Each structure stands twice: as structure tokens, then as C-alpha cells.
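Right, one structure below, let's go through it.
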Amino acid sequence: MGVNAMIGDELDEVVDGLAPVLFRNAPGSVSFNKLRKRLLRRVRQAFDDFGMLRDQKRWLVGLSGGKDSYSLLAVLLDLQWRGLLPVELIACNLDQGQPNFPKHILPDYLTSIGVRHRIEYRDTYSIVKEKVPEGATYCSLCSRLRRGNLYRVAREEGCDALVLGHHREDILETFFMNFFHGGRLAGMPAKLLNDEGDLMVLRPLAYCAEEDLAKFASAMQFPIIPCDLCGSQDGLQRNMMKQMLADIEARMPGRKDAMLRALAHVNPSHLLDPKLFDFAGLQANPTRPFDFPT
């Protein structure tokens, strides 16, 4: 997808030398610098396309301890240090009470890089285990409980938005899950107003490929915390969608980007939803003159 040349010029100014604390031990290779700038450009493109920076002053950045949220925080901090993100950032991890969760990793890491943060403890693990039947997946209820607590923390911290680390593949997988199992065309928006109307939910990584985020997280050596609550479950619908998309991309490279572009170019008159297009009111005009070609 197109990115303004101006964005590239701004990002060329700082890559090596004056690196912030987070990047002091990052690789100095050409390939890593290209990857880093590619992520920065795509996040800035999302800012621009979806108006993410309008009237924004403080963001709560959800940090799970996985590769995506670590990368999100790093890219936002990178843009902030470059003077390209005039927003205050607060990192927040919700400790959900999973057994053997390494409570020290995230606060130690965030303190070491000088990032303001809040670790919030809420035992949603017990609620999920109690409410979800054995053999069913935890993801949906776990996500709702986590989101509700993050909204609360965002309000308490005076934030304008909750910022999450969902990427290109998350959006496509959600679209196809709704398509195959929900009977509707709906994905995961890059910008969303919550039901109460007081907070934005932003996904700046919407244009970023999961493969790039995985390479970036590995190169940065983030202290990854695996999700033993839901990530260890087999047969999840999302995993099936992920595999399907991977197979399509392997057979026809570039299809993921094409699919993402399709989600941004919707033609309601060529679908079947009468709520989006007035098919009933569509009529031919028999009195309209027809110009025969000469």
C-alpha cells in the first residue's frame, strides 16, 4: 500500500547512533534497519488513513507480553522519540491470574527502558475456567473480560484511547471467521469507538505483517511471555483461518495484501445487503435516450 515519500524522508534521519534506550542493543544490520523503517512507515500510514492522532493526548498501550504488543510499544516509542507521535504513552499489562504467570518480567523490562506503566491484577482466569465448558475455547470470554478491565484502567489514567497490537493477519483471520462461521462481512477495524462512546480503540499495526513483527521481536530479543490459558488450546477456529491464509499466500504470494486492500474498497451495490444499498428503489429509466455508437 502506498506511503507518502515525506514519511520515508522523516524516518531516514534517525536509525543508528542516537538510538533510544530500547534500541541500544538492537542489530545494526541493513536488513534490520529496513524492517524497522518499514514498520514505522506502515504505522504512520495507519495514523494518516484512519485519523488516529486527531485530538489525542494520552494512550493506554495494552501489553500482553507477546511479540505483537512488544513490537507495537517499540514502534510507538520509536515514533515518539523521533518527534512524530505527540502523544503520551502508558503501557498496561493485565495480570489475569494464570498459574505460573511470571509477574516480574514485564515490570522489570518496562522499568529498564524507562516506560511509564501500570500492572493491573484481576483474576479473570478463574472466571473463564468457571464459565466456559470443558473442551470449549476460552478466547472470546477472556478477551471480553480483558477489554473491560483495560477500558476501566484507560479511564482511570485519563487516556483518550486504548491501543492494541492487532496486525494484518489478525484482521484477515477475523474477517474470514465472520465470513465462514458468522454469516457476515465484518473484520477488525483499525479505529473503533467503544460502546460507551468515551474511548477510541486503535490498532496502529493494521497494515503490518505478522511475519515482520515476528522477525522484529526476535531481533529485539523481547522477553516473550507465552499465553498458556488460550494459546495452548488445539483446534481453534482462528488457527484454521491462519493456516488457510498461509496456504493461500504460499500458493499465490501477495494475496494477503490484496485481501487487505479489498477490505478498504467496498462496493455496496455489488453485494447483497439491502441495508447498505437501496436495491428496492433501483429502477431503470425507459425515457432516457440511448446514444448509439456512430
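Against the conditions (1) modelled with pLDDT under 95; (2) assigned to a helix (DSSP H, G or I); (3) open to solvent by 30 Å² or more (accessible area, probe 1.4 Å), where does MET241 fall short? Just the number, please.
(3)
Conditions: (1) under 19 Å from ILE224 (Cα atoms); (2) modelled with pLDDT under 70. THR111 meets all but one. Number of the miss?
Of the numbered conditions (1) under 19 Å from ILE224 (Cα atoms); (2) modelled with pLDDT under 70, the odd one out for THR111 is (2).
Looking at VAL15, is it at pLDDT below 90 and either in a helix (DSSP H, G or I) or farther than 21 Å from MET220 by Cβ (or both)?
Taking the combined requirement at face value, the residue does not satisfy it.
Please give the number of the condition GLY83 fails out of (1) over 14 Å from GLY62 (Cα atoms); (2) open to solvent by less than 40 Å² (accessible area, probe 1.4 Å).
For GLY83, the exception is condition (2).
Is one or more of the residues making up the stretch 29-36 modelled with pLDDT under 95 and of a type in the set (Phe, Trp, Tyr)?
no
The rows are residues; the columns are (1) touching a helix residue (DSSP H, G or I) at 6+ places or on another chain (Cβ under 7 Å); (2) open to solvent by 60 Å² or more (accessible area, probe 1.4 Å); (3) touching a residue at least 60 places away in the same chain (Cβ under 8 Å); (4) in a helix (DSSP H, G or I).
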residue	(1), (2), (3), (4)
ASN33	no, no, no, yes
LEU40	yes, no, no, yes
ALA46	no, no, yes, yes
ASP49	no, yes, yes, yes
ASP55	no, yes, yes, no
VAL61	yes, no, yes, no
ASP68	yes, no, yes, yes
SER71	yes, no, yes, yes
VAL75	yes, no, yes, yes
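Can you go through PHE175, PHE179 and tell me which one is of a type in the set (Phe, Trp, Tyr), in contact with a Gly (Cβ under 7 Å, 6 or more places away or on another chain), part of a helix (DSSP H, G or I) and modelled with pLDDT of 85 or more?
PHE175
Given the structure, is GLY158 open to solvent by 20 Å² or more (accessible area, probe 1.4 Å) and more than 25 Å from ASN239 (Cα to Cα)?
yes
The values are calculated or read from the model by the stated rules, or taken from the named source; none is laboratory data. Quick caveat, the model's predicted, so the values are computed rather than measured. Methodologically, a virtual Cβ is constructed for each residue, glycine included, from the backbone with ideal geometry; neighbour enumeration extends over all protein chains shown. Note: areas computed on protein heavy atoms with side chains; ligands, DNA, RNA excluded. Shrake-Rupley method; radii C 1.70, N 1.55, O 1.52, S 1.80 Å.
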